[in-house]
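A short write-up of the structure that comes next.
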Amino acid sequence: MEQSTLGERRKPAVFITGAGGEVGHGLISSLSREGNLDIVATDLRDVEQTLREQCSETYLADVCDRDALDRLLAMYQVKEIYHLAAVLSTRAELAPEVAHQVNVNGTVNILQIAAEQGRMYGEPVKVVFPSSIAAYGFGSLTQKTEVGAVSEYEHCKPSTMYGCNKLYCEHLGRYYAHSYRQLAQDSVQGKDKNRGVVDFRCVRYPGLISAETVPTGGTSDFVPEMIHAAARGEKYKCFVREDTRIPFMTMPEAIDATLQLAAASRHDLTQIVYNIASFSPSAGEVAQLVKTYFPGADITFEPDERRQAIVDSWPEFLDCSVATNDWGFKPTYTLEQAFEDYLVPRIIKQYESIL
Ligand code: SER
């Protein structure tokens, strides 16, 4: 137990928001295997039993409810935060103001908690934040295909509320890390108590594919939906064209990369935001591969113009070279290896008991 500047003793912990979501599932399993800190997890909905068993405490809480967060964190010294709670891109277009509330105001709450705890204990609180390829935005499909691989600070003109929220939160994270309360009294007199209290690190995820869970509310969902539908023996109407291409990676790769960034030495990090991705297949290429493993798969392409436009505004390829140079990011799989070594065996195992 550590003592704060106010003399309180609290339990050191890692705090996870949005714990019941797709990324939460994998992250909690990995963190609990590491076993370094107590895991305190929250979600809006009940977190399932198997996840609960891997956490010290789970709470029902809304990231927008600052009082509730303060109450539940009162017993802990939060050392690290994985802020996963978010409304994804498709769902956000149906209720943009709600998405803004959750995605932005929720993040401000988390950053403030980190800053307060960092000041209280005199050491930085690590905030690991998943951003998204939705932070990018191309004006036309021609521009997208001509540009090819994009680095972190190019073409950031998102066309979705989710993308705007993520991009803005990346900037907020940078602000809390480097400039928070820069003109406040406690900043100008002697030692700056606010500087360095938040250690903000951000990965821009591509579309994620998990063998265990199916995403909801995203626009990159066509790939995981297609694979899971085939494994369940269900028809799938793909909502984008066959030639649609965006970057993806498997869930275990995303979790490993996130933990790798979290563990990196501060001195090695030259950026706040890092692209990560493993492969960039077209929707048609994924469908072909799905059919080689599930020959009965019934996949048709019936593009939804509006969701198609969102995916067309996202890049085809990500330049991940800075993540590679700074903290050693390396994809585990090609698309073919991901199917052979991870997706197909795990999905078949998952559905064999219920089909
Ligand atoms: N998976 C996200 C979405 O589709 C994009 O990162 O909203």
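Read the figures in this text as sums done on the coordinates, not as results from a lab. Please read all numbers here as calculations on a predicted model, not as lab measurements. Quick reminder, even Gly has a Cβ in these numbers, built from the backbone with ideal geometry, and neighbours come from all protein chains shown.
Which value in deg cm²/dmol, rounded to the nearest 500, describes the helix-derived mean residue ellipticity at 222 nm for the chain, given -39,500 (n - 2.57) per DSSP H run of n ≥ 4 and division by the residue count?
On the way: 15 runs with 139 residues, N = 355.
The helix-only estimate for the chain comes to -11000 deg cm²/dmol at 222 nm.
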Next on the checklist: Restricting to Cα pairs below 8 Å that are 6+ residues apart, what does the relative contact order work out to for region 37-107? Please round to a whole percent.
Outcome noted: 27 percent
Next on the checklist: Defining a contact as two alpha carbons under 8 Å apart and six or more residues distant in sequence, what relative contact order in percent does the chain show?
Outcome noted: 17 percent
Next on the checklist: Looking at the chain only, what percent of DSSP beta bridges run antiparallel? Nearest 5 please.
Outcome noted: 10 percent
Checklist entry - With the calculation restricted to Cα positions, what are the radius of gyration and Dmax of region 200-355 in angstrom? => result 16.2, 52
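To the nearest 0.05, what FRET efficiency results for Q337 and K291 with a Förster distance of 22 Å applied to their C-beta separation? It would help to have the intermediate numbers written out before the result.
Numbers: r = 18 Å, r/R0 = 0.81.
FRET efficiency, Q337 to K291: 0.80.
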Checklist outcome for this item: Classified through the alpha carbon gyration tensor (a ≥ b ≥ c as square roots of its eigenvalues; rounded if a/c is under 1.5, else prolate when a/b is larger than b/c, else oblate), the chain comes out prolate
Checklist entry - Can you count the Lys pairs in the chain with C-alpha separation below 25 Å, eight or more apart or on different chains? => result 22
Checklist entry - Zone of S56 (label point 7 Å along Cα→Cβ, backbone N under 19 Å): which residues in region 111-129? => result 113-128
Next on the checklist: Using the Kirkwood radius over C-alpha pairs as Rh, can you work out the diffusion coefficient of region 52-164 via Stokes-Einstein at 4 °C, viscosity 1.567 mPa s, in µm² per second?
Outcome noted: 80 µm²/s
Checklist outcome for this item: Going fewest to most other Cβ atoms within 10 Å around each Cβ, S278, S159 line up as S159, S278
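Among W314, W327, which comes first, then next, by fewest other beta-carbon atoms within 10 Å? Write down the numbers at each step before the final one.
Working: W314 30, W327 19.
Starting with the residue having the fewest Cβ neighbours, the order is W327, W314.
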Checklist entry - Using 15 Å as the cut-off for backbone N distance, which residues of region 271-287 belong to the label zone defined by a point 7 Å from the Cα of E242 along Cα→Cβ? => result 282-287
Checklist outcome for this item: Rounded to the angstrom and largest first, Cα extents along the principal axes for region 254-329 equal 50, 30, 16
Checklist entry - Once the other residues with Cβ under 12 Å from the Cβ of A287 are scored (Lys, Arg +1; Asp, Glu -1), what is the net sum? => result -2
Next on the checklist: I'd like the Kirkwood hydrodynamic radius of region 101-206, using the inverse of the mean 1/r over distinct C-alpha pairs, in Å.
Outcome noted: 15.1 Å
Next on the checklist: Taking 2.2 N^0.38 Å as the expected size of a compact globular protein, what ratio does the Cα radius of gyration of region 1-105 give against it, to two decimals?
Outcome noted: 1.13
Checklist outcome for this item: Reduced to Cα centres, the span from region 92-162 to region 257-313 in Å works out to 17 Å
